[in-house]
Amino acid sequence: MMRRYRFKGCFQPIGKTMHHWGYLVIGSVVGSTLLSVAANIASPQGIAQAQTNPPANQKGSLGESLLNNMLGADALRPQNSAPNTTQPAQTAPTSTPSRGRQIVQATTFPDIQGNWAQAFIEGLASRGIIQGFPDGTFRPNAPVTRAQFAAMIRQAFEQPLERPATQFSDIPANFWALEAIQEAYRMGFMEGYPNNIFLPDQNIPRVQVLVALVSGLDLSAPAQTTAILNQTFQDAAQIPGWAQNSIAAATVNQMVVNYPNVAFLNPNQTATRADVAAFIYQALVSQNQLPQIPPTTVASRYIVGYEPIAQEPPPPTPEQLAALRRQYLLPAPPVEEQLRRIVRGGSSINTPTAFGAQTGNIFFGATYQEQVRFFNEDDGAVVVGFGVGDARRLVALETAVSIYDLFGDTFEDGGVSFKLHRLIGDDLAVAVGVENAIVWGNTDGDQSVYGVVSKVFRLRENPSDPFSRLTASVGLGGGRFRSEDDIEDKEGSTNVFGSVGLQVVEPVTLIADWTGQDLYLGASIVPIQGVPLVITPAVADVTGNAGDEPRFILGIGYGLSF
């Protein structure tokens, strides 16, 4: 409701003496001035219009000047706006629908194209923090009132409410921005003026915008405030004393944006819609709620103390990694995983897989059995192998030399095996090979020709996640891969073999391996992260199909890449 002020004077009739004319003139001037003050208080828009672009350190009208004198020297300073006021930290921008008059939702506007603040405005508009006018424009140079700024604050920040609401005497219950003003006040961003007024339609100066943001975000004043301000702004003397700590805090947090000259703050100049958009955007950047304006953007030139933030690039997608590997011929997957596949630590215990060594790969292995098949004796074997060629570009040949009967006549029994393999992509491989193509002494197995296909299934993108990889191999071969009956009958048949390994956690893979004769169950363990050392404890002949009882075996493999 509008307040009505009546002024009663008691003046003597004009006709009595000329002396009384002086009182009458003085009374008229004072009465007119007081009426102007009353009208401005009743309708704050009058003050706002008079203050659109006031010169520094000057006020706009006689009525406003009298209001300043009546309320004190700091009449235009909001109450309780001390720079070090403690407020809770910001959480995140809100998406609450706007309660203001500007209802047009857009992410860009025709009248900001090429504007210095275009990046700030579009960044906030895309998140619903600021909006345009019904005619589709944004009007970046239009002034911002205190009520409009409160509405922007409500849209941009979602703070805990730190104090109860207050009823400002100049804001009626049906005022369009009542809820926004109350929320901005309760969150600690905005204050009222003396005598419990808010002046919602007063144009807000730039210094008040920055002080409000610093107060609401609980930013501490830096040391040597005066030095910072004098070194940064050529017009530092125009910054009110009550605002200096807050302006220094805003400066070191890169919240100050000065257009057209970054060295001039123009603290007492009315803030435009472009100014407020820039301040709010930078405040959200300081709270890690919005990305920094890129240095190639025009707007970055006007951010005081702008320093680009070093940002880590997003991780490449699997398709990008594959393209880079093809371009630069990088090992794929990582060397330790590749070597782990070579020493069969990823999926196999006793059968070959299609993965193999290529140029630059060397591997070593050793096995131990507590009971040799059909004999009640323990024994072991060692193997060393290397690769030549490029399995990704064409083919690679793996050569492995094995020494059997390690605990008996060492080096008297052994063989040389070959495997020709091809890698398709990162996780699929095919191979053909001959085990014991060259033998000396007495080996337990015959020459065995085989073909095999292996595939790694990526169940989860991150290999560190549980159950992230499943590796399967299936092959067809003769020799030792034949069934027990065919071996006894000396039939030259072929048989199916295969293995599967599930990486349950990053260092441990559970393995089931069918040799064509019996089943092996075990686990592949990488005890040291990043080191291609694989330890594989297992149990052989679990099913007893080979006519022998289950027996414990232990394998160790290590790979090198250069």
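Quick notes
- Within region 286-300, the set of residues being within 21 Å of the chain's Cα centre (by Cα) and outside any loop (DSSP other than H, G, I, E, B) comprises SER286 only.
- Taking the criterion of being closer than 30 Å to GLY492 by Cβ, of a type outside the set (S, T, N, Q) and assigned to a loop (DSSP other than H, G, I, E, B), the residues of region 532-552 that qualify are ASP541, VAL542, GLY544, ALA546, GLY547, ASP548, GLU549, PRO550.
- If the condition is being of a type in the set (A, V, I, L, M, F, W, C) and in a helix (DSSP H, G or I), then region 463-485 contributes only PHE481.
- ASN141 passes every criterion in (1) more than 35 Å from the chain's Cα centre (by Cα); (2) modelled with pLDDT of 95 or more apart from (1).
- Condition check for ALA283 on (1) in the same structural domain as PHE138 (by TED's automatic domain parsing); (2) part of a loop (DSSP other than H, G, I, E, B); (3) in contact (Cβ under 8 Å) with a residue 24 or more places away in the chain: one failure, at (2).
- Residue, nearest to PRO466 (Cα to Cα), within region 500-514, restricted to residues that are within 37 Å of the chain's Cα centre (by Cα), crowded, with 22+ Cβ neighbours inside 10 Å and not hydroxyl-bearing (Ser, Thr, Tyr): GLN503
- Any hit, region 316-325, residues being touching a residue at least 12 places away in the same chain (Cβ under 8 Å) and either closer than 28 Å to GLN113 by Cβ or among the basic types (Lys, Arg) (or both): yes
- Failed item, numbered, when LEU324 is tested on (1) outside the structural domain of ALA237 (by TED's automatic domain parsing); (2) outside any helix (DSSP H, G or I): (2)
- Condition check for ALA249: crowded, with 23+ Cβ neighbours inside 10 Å, assigned to a helix (DSSP H, G or I) and not β-branched (Val, Ile, Thr): yes
- Candidates in region 229-246 are the residues that are part of a loop (DSSP other than H, G, I, E, B) and not aliphatic (A, V, I, L, M); of these, the one that is nearest to VAL144 (Cα to Cα) is PRO240.
- Remark: ASP275 matches the filter, which requires a residue to be among the acidic types (Asp, Glu), assigned by TED's automatic domain parsing to the domain that holds GLN202 and surrounded by 21 or more Cβ atoms within 10 Å (Cβ to Cβ).
- Restricting attention to region 478-499 and to residues that are buried (at least 16 other Cβ atoms within 10 Å of the Cβ) and among the hydrophobic types (A, V, I, L, M, F, W, C), the residue that is modelled with the lowest pLDDT turns out to be ILE487.
- Residues of region 171-200 satisfying the condition of being more than 18 Å from VAL144 (Cα to Cα) and assigned to a loop (DSSP other than H, G, I, E, B): PRO172, ALA173, ASN174, MET187, GLY188
- Test: residue in region 469-477 that is free of Cβ contacts under 8 Å to residues at least 24 places away in the same chain, on the phi < 0 side of the Ramachandran plot and crowded, with 18+ Cβ neighbours inside 10 Å: no
- Matching residues in region 201-228 - criterion: being in a loop (DSSP other than H, G, I, E, B), more than 35 Å from the chain's Cα centre (by Cα) and crowded, with 24+ Cβ neighbours inside 10 Å: GLN202
- Qualifying residue in region 252-271 (condition: touching a residue at least 12 places away in the same chain (Cβ under 8 Å), in a helix (DSSP H, G or I), surrounded by 22 or more Cβ atoms within 10 Å (Cβ to Cβ) and not β-branched (Val, Ile, Thr)): no
- Subset of region 128-145 [touching a residue at least 40 places away in the same chain (Cβ under 8 Å) and farther than 11 Å from ALA277 by Cβ]: ARG139, ASN141, ALA142, PRO143, THR145
- Selected residue [among the aliphatic types (A, V, I, L, M) and under 11 Å from ASN350 (Cβ atoms)] from LEU476, LEU510, LEU519, LEU502: LEU519
- Out of GLN517, GLN529, one residue alone is in the same structural domain as ALA366 (by TED's automatic domain parsing), part of a loop (DSSP other than H, G, I, E, B), free of Cβ contacts under 8 Å to residues at least 60 places away in the same chain and surrounded by 17 or more Cβ atoms within 10 Å (Cβ to Cβ). It is GLN517.
The values are calculated or read from the model by the stated rules, or taken from the named source; none is laboratory data. Model, not experiment: these values are computed from the prediction. Neighbour counts are summed over all protein chains in view; Cβ atoms, including those assigned to glycine, are modelled from backbone coordinates with ideal geometry.
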